[in-house]
Amino acid sequence: MLAVDIIKKKRDGLALSRGEIEWFVAGLTTGAIPDYQASALLMAIVIRGMNAEETAALTDAMVRSGIRADLSDISGRKVDKHSTGGVGDKTSIVLAPLAAACGAIVPMMSGRGLGHTGGTLDKLESIPGFRIALSFDEYKAALKEVGCALIGQTSEIAPADKTLYALRDVTATIESLPLITASIMSKKIAEGIDGLVLDVTTGRGAFMKHEDEARVLAQTMVTIGRQAGVRTEAILTTMDTPRGRAVGNALEIVECVETLKGRGPKDLERLCVLLATRLVVLAGVTDSSDAAERQVQRALTSGAGLEKLRAIITRQGGDPTILDDYRRLPSAPHRRVLHASADGVVMRLDAGLIGRASMTLGAGRATVDETIDASVGLLVEVRLGDRVQKGHPLIEVHYRDADRLDAALALLEQAIVIGGEAPVARPLVLETIGFE
Ligand code: URA
């Protein structure tokens, strides 16, 4: 087989065979297929799409690019949550410790920033010393000891996703149902879990702008998860405005810790409690959703979730004193506050543009090799529908470089609309899919 023939076939809109997909993914994993050919195939898939058989074959080939972790020597059902991406979407770092504090075993394999969205791994790496690259043995040892491990794709687990994910981030090849499905489900199936809850986002700050396509994505992932023996369910959520107030890596860590201290934004807390509750149910800690929710609430108010995060950070080599002293986290040298230019109501806080502004400041990558700046980002001071007067602070920008600031401010000026009418805000949770 030749890589160029497979690329040409997809470019021309034809379906790839299972054999061709397996061959390509295997070549990518060994390094026999170079990044430029992988990127060309990714673009062809974005434009031409894949049918259900191709999507399942791609997911399967990506799972088999590494090992499917066997965690059977750790007792209890292993569960995880994954989001299809968003701005300020930091729920994993709050809900994983909450669920683990309730007795769920949470092996969580996350991703880095993707396009205009932030990534759990980049956020965690803003904690001095935190190691997301654990070997399989270290991963298991952390799970046994703490009940939760927060890691990235490795050379052993989902290595094909590690390569494709980094390429998609910088080649405008993210927004594709088969690629998102295969990326998420390959690492979730490979990490050795029994249950999975998916937060499938839709709206201005999501990869799926329209509710219908997000619903199809959710249904596809639920089907693929179940076929692989993972009890999978999905929640369809809106991502029109940033989740919580903070956007940017270290700033989001602070907001996660504040949420675990009971002082976080209420919409963020509500979603974290909802998702953690599903994990507790899927883990079989209790069959009753109400009882699970009470346990999660207790873990939040008692500080057990916060203490679990402390244990996770410590186990993975990070500095746990950041929980008590945020000055130990990276901090940007400069601040600039964007103020309302007129009286009115906050009619739009466009999460997509706010995410791009954060990337522009240096919180995301423009090329594969670029290092991100963990300290920069934004704090959104208003909520949709707030009434403000001229001069009211809207967003506090944390920045390092004046040129980047100017470019970010230009995006923020478009992102926020102050007007005369109250906006129609969609509910945070639109629908549940595959709940039993
Ligand atoms: N999260 C992933 O892991 N992959 C995607 O493609 C999108 C979100």
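The values are calculated or read from the model by the stated rules, or taken from the named source; none is laboratory data. Note that the structure is a prediction, hence the values are computed from the model and not measured. We place every Cβ from the backbone using ideal geometry, glycine too, and count neighbours over all the protein chains shown. Please note that ligands, DNA and RNA were not included when accessible areas were found on the heavy atoms of the full protein model with its side chains. Shrake-Rupley method; radii C 1.70, N 1.55, O 1.52, S 1.80 Å.
Residue-level check: of (1) assigned by TED's automatic domain parsing to the domain that holds Leu378; (2) part of a helix (DSSP H, G or I), Ser341 misses just (2).
Flag not set for Ser17, criterion: surrounded by fewer than 24 Cβ atoms within 10 Å (Cβ to Cβ), touching a strand residue (DSSP E or B) at 6+ places or on another chain (Cβ under 9 Å) and without any contact (Cβ under 8 Å) to a residue 60 or more places away in the chain. Here His392 passes the criteria (1) open to solvent by 60 Å² or more (accessible area, probe 1.4 Å); (2) closer than 30 Å to Leu164 by Cβ except the one numbered (2).
Specify the residue that is least open to solvent (accessible area, probe 1.4 Å); the eligible residues are those in segment 184-236 that are touching a Pro at 6+ places or on another chain (Cβ under 9 Å), modelled with pLDDT of 95 or more and not aliphatic (A, V, I, L, M). Full working, then the answer.
Taking segment 184-236 as the starting set, the residues that turn out to be touching a Pro at 6+ places or on another chain (Cβ under 9 Å) are 191-193, 205, 220.
Now drop any that are not modelled with pLDDT of 95 or more, which leaves 193, 205, 220.
Now narrow it down to the ones that are not aliphatic (A, V, I, L, M): 205, 220.
Working: Gly205: 0, Thr220: 37 Å².
Top of the filtered list is Gly205.
Just to be sure, is Asp386 free of Cβ contacts under 8 Å to residues at least 40 places away in the same chain, more than 21 Å from Lys123 (Cβ to Cβ), open to solvent by 50 Å² or more (accessible area, probe 1.4 Å) and not assigned by TED's automatic domain parsing to the domain that holds Arg168? Criteria not met by Asp386.
Pick out the one residue from Gly76, Gly85 that is within 28 Å of Ala291 (Cβ to Cβ) and at pLDDT below 95. First the steps, then the outcome.
On the way: Gly85 fails: within 28 Å of Ala291 (Cβ to Cβ).
It is Gly76.
For the structure I just gave you, tell me whether Asp350 is surrounded by 22 or more Cβ atoms within 10 Å (Cβ to Cβ) and not assigned by TED's automatic domain parsing to the domain that holds Thr117. In short, yes. Annotation note: Cβ proximity below 6 Å between a residue of segment 70-95 that is among the basic types (Lys, Arg) and a residue that is in a strand (DSSP E or B) and more than 13 Å from the ligand (Cβ to nearest atom) (sequence gap 6+ or interchain) occurs for Arg77/Gly195; Lys78/Ile105; Lys78/Pro107; Lys81/Val197. Any residue that is open to solvent by 20 Å² or more (accessible area, probe 1.4 Å), free of Cβ contacts under 8 Å to residues at least 40 places away in the same chain and more than 30 Å from Gln389 (Cα to Cα) - is there at least one of those in segment 325-337? Yes.
So if I check each of Ala182, Ala133, Ala142, which one is more than 12 Å from the ligand (Cβ to nearest atom), in a helix (DSSP H, G or I) and among the small types (Gly, Ala, Ser)?
Exactly one of Ala182, Ala133, Ala142 is more than 12 Å from the ligand (Cβ to nearest atom), in a helix (DSSP H, G or I) and among the small types (Gly, Ala, Ser), namely Ala142.
Every condition in (1) open to solvent by 10 Å² or more (accessible area, probe 1.4 Å); (2) farther than 19 Å from Val25 by Cβ; (3) within 10 Å of the ligand (Cβ to nearest atom) is met by Tyr165 except one, and the failing one is (2). The requirement of being part of a strand (DSSP E or B), more than 16 Å from the ligand (Cβ to nearest atom), crowded, with 24+ Cβ neighbours inside 10 Å and modelled with pLDDT of 95 or more is fulfilled somewhere in segment 93-109, by at least one residue.
Applying the set (1) open to solvent by less than 50 Å² (accessible area, probe 1.4 Å); (2) modelled with pLDDT under 95; (3) on the phi < 0 side of the Ramachandran plot to Gly434 leaves exactly one unmet item: (3). For the criterion of being more than 21 Å from Arg112 (Cα to Cα), assigned by TED's automatic domain parsing to the domain that holds Asp240 and aliphatic (A, V, I, L, M), Val222 passes.
When Glu22, Glu54 are checked against the criterion of being more than 25 Å from the chain's Cα centre (by Cα), outside the structural domain of Ile151 (by TED's automatic domain parsing) and in a helix (DSSP H, G or I), a single residue qualifies: Glu22. A search for C-beta distances below 7 Å between a residue of segment 164-182 that is under 15 Å from Ile21 (Cβ atoms) and any residue that is open to solvent by less than 40 Å² (accessible area, probe 1.4 Å) and among the basic types (Lys, Arg), counting only pairs 6+ apart in sequence or on different chains, returns Leu179/Arg168.
State whether one or more residues within segment 405-412 are more than 21 Å from Ala250 (Cβ to Cβ), open to solvent by less than 60 Å² (accessible area, probe 1.4 Å) and modelled with pLDDT of 95 or more.
Filtering segment 405-412 for residues more than 21 Å from Ala250 (Cβ to Cβ) gives 406, 410.
Checking the rest, the ones that are also open to solvent by less than 60 Å² (accessible area, probe 1.4 Å) come to 410.
Going one step further and asking which of them are modelled with pLDDT of 95 or more, we end up with 410.
Within segment 405-412, one or more residues are more than 21 Å from Ala250 (Cβ to Cβ), open to solvent by less than 60 Å² (accessible area, probe 1.4 Å) and modelled with pLDDT of 95 or more.
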